[in-house]
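The values are calculated or read from the model by the stated rules, or taken from the named source; none is laboratory data. All values reported here derive from a predicted model rather than from experimental measurement. When we count neighbours, we look across all protein chains shown, and the Cβ atoms used for this are built from the backbone with ideal geometry, even at glycine.
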Amino acid sequence: MKVAIIGQGYVGLTIAAFAAEFFEIVGFDSNEKVVQQLNQGISHIEGIDSSLLSSRIKSGMYKATSHGEDLSQSDVIIIAVPTPLSKDRQPDLSFIDLACKTIGQNLSNPALIINESTSFPGTLRKFIKPAIEKYSTSQIGHLYAISPERVDPGRTDFNQKNTPRLFSGLTPEASGKTREFYSKFCDNLVEVSSPEVAEAAKLFENTFRQVNIALVNEFAQIAHSLGISVYEILDAANTKPYGFMKFTPSAGVGGHCIPVDPTYLAVVAEEHGVPATFIRRANEVNLEMSNYIVRRISADNGGELNGKNVLVVGVAYKPNVADVRETAAELVIEHLRSNGAVVSWHDEVVGTWRGESSVPLQGADIAVVVTKHDSVDEKRILASAPYVFDTTGKVKGARGL
Ligand SMILES: NC(=O)c1ccc[n+]([C@@H]2O[C@H](COP(=O)([O-])OP(=O)(O)OC[C@H]3O[C@@H](n4cnc5c(N)ncnc54)[C@H](O)[C@@H]3O)[C@@H](O)[C@H]2O)c1
């Protein structure tokens, strides 16, 4: 079976690395630099070792390409491209549309086409299938399925093999072939009754996290106003063995999923006349968190940040990854600068970002910990400035939420 995966980022490369144990994989990406690196055995994704990639290449089971014609003989094609929000915060399916164009224009035999990108219910049936048919030069009958990806990059306890995978085909034949494909490298396949259920389940999983993160962020502000530790309260509540799930406060949500996916659900809800009040409000609370943190820091420092040397520690959106997409550090830095602070940042995992580079962890008036990588020593953080504000709850002895 020949498998092509469109998009060789966090999702596409992760699938490629696992599936290449069983199938011949062509990893298609429109970014030629990424393709070149991958073919040299260099992985750009946390959790995928370059040594694993090299061994897949050596065994002839993996190659990367940016040539559409390399997809022509595929039996299975997986779509794993970005699904961001547009400038006016609407679902942006332009990457999916381009992927459909690549498939339509190049695929010369009937194939199973599986979407793993996150999108709203109806994307497979009403967007992907018609788009591929529109771009196809001949009338080939493909099979279509959805299997939303649940990978958490950098996580070691759950991976492609032991994370249950939802799936559904547009037809029973598509569902059957999808099960056959994933069962080679995934232990637990959960078939649902329609692609729309699988698409909506993925959005709801991430919305559940977004809303609960907003709730705990609001609660952190309430606890502070009451003069009690939010962390002690959460630990106390978490002793209840049922009906409670612990989320911890932070500077906001980041990454490609939690700040984005719930809006896909909200837009669809509102198109159907249902107000998505929780989702919209949760987004506002999470975005507002950066402002709250800067207000707290300012209040602790005599109400004045003008001219202060502020070091933001950790700009990745979560620990131990270099991913800065939608990172909460961006808004924290913006608010600090608009208050007149002179801001630099330390994050050796990220290295460079927005034309700026990581600076040494020392010599600031104020340090603000937004993300704490395991490699960054707590004592060094505390020694980097006379005043340290920690938004992660991991730096004992610092001020914090
Ligand atoms: N990152 C995650 O943790 C995660 C988890 C679950 C689901 N998802 C979803 O998976 C999808 C992909 O996310 P990602 O994090 O892998 O994105 P990514 O940005 O890491 O990778 C996407 C890759 O696709 C390439 N690309 C874009 N358009 C293309 C096209 N038309 N043809 C070929 N290549 C193209 C880009 O160059 C990039 O290398 C999104 O819908 C996302 O919401 C992501």
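Among residues of the stretch 13-32 that are within 15 Å of N159 (Cβ to Cβ), those with a Cβ under 9 angstrom from a residue that is acidic (D, E) and near the ligand (Cβ under 8 Å from one of its atoms), sequence gap 6+ or separate chain, pair up as L13/D29; T14/E149; I15/E116; I15/E149. Every residue in the stretch 318-345 that is more than 16 Å from M289 (Cβ to Cβ), out of contact with any Gly (no Cβ under 6 Å at 6 or more places or on another chain) and hydrophobic (A, V, I, L, M, F, W, C), please. A322, V324, A341, V342, V343, W345, listed by residue number.
Condition first: surrounded by fewer than 24 Cβ atoms within 10 Å (Cβ to Cβ), polar (S, T, N, Q) and more than 9 Å from the ligand (Cβ to nearest atom). Can you find one or more residues in the stretch 19-32 that meet it?
No: the stretch 19-32 contains no residue that is surrounded by fewer than 24 Cβ atoms within 10 Å (Cβ to Cβ), polar (S, T, N, Q) and more than 9 Å from the ligand (Cβ to nearest atom).
Among residues of the stretch 131-152 that are away from the ligand (no atom under 16 Å from the Cβ), those with a beta-carbon under 7 Å from a residue that is at pLDDT 85 or above and charged (D, E, K, R) at least six positions away or on a different chain give the pairs L143/E173; L143/K177; Y144/K129.
When the residues of the stretch 122-161 are filtered to those that are among the aromatic types (F, W, Y) and either assigned to a loop (DSSP other than H, G, I, E, B) or touching a Lys or Arg at 6+ places or on another chain (Cβ under 9 Å) (or both), the one that is surrounded by the fewest Cβ atoms within 10 Å (Cβ to Cβ) is F158. The set of residues from the stretch 67-86 being farther than 19 Å from E116 by Cα and in contact with a strand residue (DSSP E or B) (Cβ under 7 Å, 6 or more places away or on another chain) comprises D70, Q73.
Before we move on, is S290 hydroxyl-bearing (S, T, Y), part of a loop (DSSP other than H, G, I, E, B) and closer than 27 Å to V359 by Cα? I'd like the intermediate steps shown before the answer.
Details: hydroxyl-bearing (S, T, Y): yes; part of a loop (DSSP other than H, G, I, E, B): no; closer than 27 Å to V359 by Cα: yes.
For S290, the condition - hydroxyl-bearing (S, T, Y), part of a loop (DSSP other than H, G, I, E, B) and closer than 27 Å to V359 by Cα - is not met.
Could you check, for the stretch 298-305, whether at least one of its residues is within 28 Å of the chain's Cα centre (by Cα) and either of a type in the set (A, V, I, L, M) or assigned to a strand (DSSP E or B) (or both)? No - not one qualifying residue is present in the stretch 298-305.
I'm checking my understanding of the structure. Among residues of the stretch 33-77 that are in contact (Cβ under 8 Å) with a residue 60 or more places away in the chain and in a strand (DSSP E or B), which one is surrounded by the fewest Cβ atoms within 10 Å (Cβ to Cβ)? Outline the logic, then answer.
Of all residues in the stretch 33-77, those in contact (Cβ under 8 Å) with a residue 60 or more places away in the chain come to 45-47, 70-71, 73-77.
Retained after the next criterion (residues that are in a strand (DSSP E or B)): 76-77.
Details: V76: 23, I77: 25.
Ranking the qualifying residues of the stretch 33-77, first place goes to V76.
Mind checking whether some residue in the stretch 192-209 is touching a residue at least 40 places away in the same chain (Cβ under 8 Å), within 17 Å of I79 (Cβ to Cβ) and β-branched (V, I, T)? Looking through the stretch 192-209, none of the residues is touching a residue at least 40 places away in the same chain (Cβ under 8 Å), within 17 Å of I79 (Cβ to Cβ) and β-branched (V, I, T).
Residues being of a type outside the set (S, T, N, Q), under 21 Å from V324 (Cβ atoms) and over 24 Å from the mean Cα position of the chain (by Cα): count how many of those fall in the stretch 364-394. The qualifying residues number 4.
Within the stretch 312-360, track down each residue that is at pLDDT 95 or above, out of contact with any Lys or Arg (no Cβ under 7 Å at 6 or more places or on another chain) and small (G, A, S). Scanning the stretch 312-360 gives A316, A328, A329, S338, G340, S344, G351, G355, S357, S358.
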